[in-house]
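Notes for the one structure printed next.
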Amino acid sequence: MRAIALICLFVCLLVSSAQAFAGITRGDLHGSSFKQDMSTSAVQPTIYLFVRPDCSSCALQISHLAVIQKQLGGIRVSLIVPDEAVARRTLLAGSSITAEVQEDRDAKIAVQYGLKSIPAIVFVDSGSVIRGFYEGLLSLEELEKLASEFSQGDLKTVLYAKGAPGARATPIEGVAWIDSRYTLLVFHQFDCEFCRQELPKVIQLSYDKPSLRMFVIAPSNISETQSQFKSAGAKNNIDILSDELSNRKIYNEYNVKATPTFILINELGEITWRLTGSGTGNTSLQKIPIR
């Protein structure tokens, strides 16, 4: 079980440095204390980086940090790795970065913070308070902006992947967020078995929350999807929108890779919640956070 957990934990996000951030913003940890079972701790602002030698995105993130470190005059960097000797022999070989290396062989620190992907970067101030926490590769431009603010003691910028909670919702033709306190986008495919399983829950939600405006985004089989929802008892607060299979503009704008995906948007056009799949317990459609 431990081995499986570690395999899942250290999945790399292979994202081009030219792309916008597409990882996970750990806003749940911003402002909390960064604790480690290590002999060293942040006595000055420090950028911690969780990496592995077999992760190409990790090597790229280190190269970005090396550039930033030179630009900012030696900002403190600490790498957290499964094996220090291997990391020094691989990740740091030939790198111009100046970094401490901390070994987390049993992934105790990584598990403590619930990491699901690497590289993961943490901005920790001199009081050991987390000022920024991101899982996934940051581009050089993004890292430069964050590190510059951080080095000046004023890290205010927060990055969000498109379609993620906290991000602004991309406008959709015919949809006005202000028309309803909450709008739910339901990314659904007619022939998707998991979508069919969730369909009764979607219909029930439309009855339980009559003020909730719902838009079903379908990439194909529009007439079949309309009949599918009508047969399931859909009310008039559910509309079916087409997102052409060859283009999938809306799917791409909201970074939807699987169905069903549910995205909740408030009247200000802010994404407040997202769920892919059926979920369980507090992460199920029945627990949608609508006040």
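Here are the numbers for this structure:
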quantity: Complete set of residues in region 215-237 that are assigned to a helix (DSSP H, G or I), closer than 16 Å to Lys201 by Cα and open to solvent by 50 Å² or more (accessible area, probe 1.4 Å); calculated: Lys230, Ser231
quantity: Residue that is under 29 Å from Ala59 (Cβ atoms) and in contact with a His (Cβ under 6 Å, 6 or more places away or on another chain), where the choices are Leu155, Leu159, Leu140, Leu146; calculated: Leu140
quantity: Answer from Tyr251, Tyr207 - the residue that is under 30 Å from Leu137 (Cα atoms), in a helix (DSSP H, G or I) and either open to solvent by less than 40 Å² (accessible area, probe 1.4 Å) or out of contact with any helix residue (DSSP H, G or I) (no Cβ under 7 Å at 6 or more places or on another chain) (or both); calculated: Tyr251
quantity: Selected residue [at pLDDT below 95 and either under 20 Å from Val158 (Cα atoms) or over 25 Å from the mean Cα position of the chain (by Cα) (or both)] from Leu29, Leu65, Leu6; calculated: Leu29
quantity: Hits in region 69-82 (condition: open to solvent by 20 Å² or more (accessible area, probe 1.4 Å) and in a helix (DSSP H, G or I)); calculated: Lys70, Gln71
quantity: Single residue of Ile172, Ile109, Ile130, Ile97 found to be touching a Gly at 6+ places or on another chain (Cβ under 9 Å) and of a type outside the set (Lys, Arg); calculated: Ile130
quantity: Enumeration of residues in region 158-191 that are touching a Pro at 6+ places or on another chain (Cβ under 7 Å) and either aromatic (Phe, Trp, Tyr) or open to solvent by 20 Å² or more (accessible area, probe 1.4 Å) (or both); calculated: Phe187, Gln189
quantity: Region 258-291 - residue that is modelled with pLDDT under 90 and of a type in the set (D, E, K, R) and, of those, surrounded by the fewest Cβ atoms within 10 Å (Cβ to Cβ); calculated: Arg291
quantity: Pick from region 139-156, criterion buried (at least 16 other Cβ atoms within 10 Å of the Cβ) and touching a Pro at 6+ places or on another chain (Cβ under 8 Å), ranking: nearest to Leu72 (Cα to Cα); calculated: Ser151
quantity: Within region 238-248, considering residues that are assigned to a loop (DSSP other than H, G, I, E, B) and among the acidic types (Asp, Glu), the one modelled with the lowest pLDDT; calculated: Glu244
quantity: Residue that is surrounded by the fewest Cβ atoms within 10 Å (Cβ to Cβ), among those in region 97-130 that are in contact (Cβ under 8 Å) with a residue 40 or more places away in the chain, of a type in the set (Ser, Thr, Tyr) and part of a loop (DSSP other than H, G, I, E, B); calculated: Ser126
quantity: Selection from region 131-163 of residues that are assigned to a loop (DSSP other than H, G, I, E, B) and touching a Phe, Trp or Tyr at 6+ places or on another chain (Cβ under 9 Å); calculated: Gly136, Leu137, Leu138, Ser139, Leu155, Leu159, Tyr160, Ala161, Lys162, Gly163
quantity: Hey, Ala85 exposed (fewer than 15 other Cβ atoms within 10 Å of the Cβ) and in a helix (DSSP H, G or I) or not; calculated: yes
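The values are calculated or read from the model by the stated rules, or taken from the named source; none is laboratory data. From a predicted model like this one, the values you see are computed outputs, not experimental measurements. Please note: Cβ atoms are built from the backbone with ideal geometry, for glycine as well, and neighbour counts cover all protein chains shown. With ligands, DNA and RNA removed, areas are computed over all heavy atoms of the protein, side chains included. Shrake-Rupley method; radii C 1.70, N 1.55, O 1.52, S 1.80 Å.
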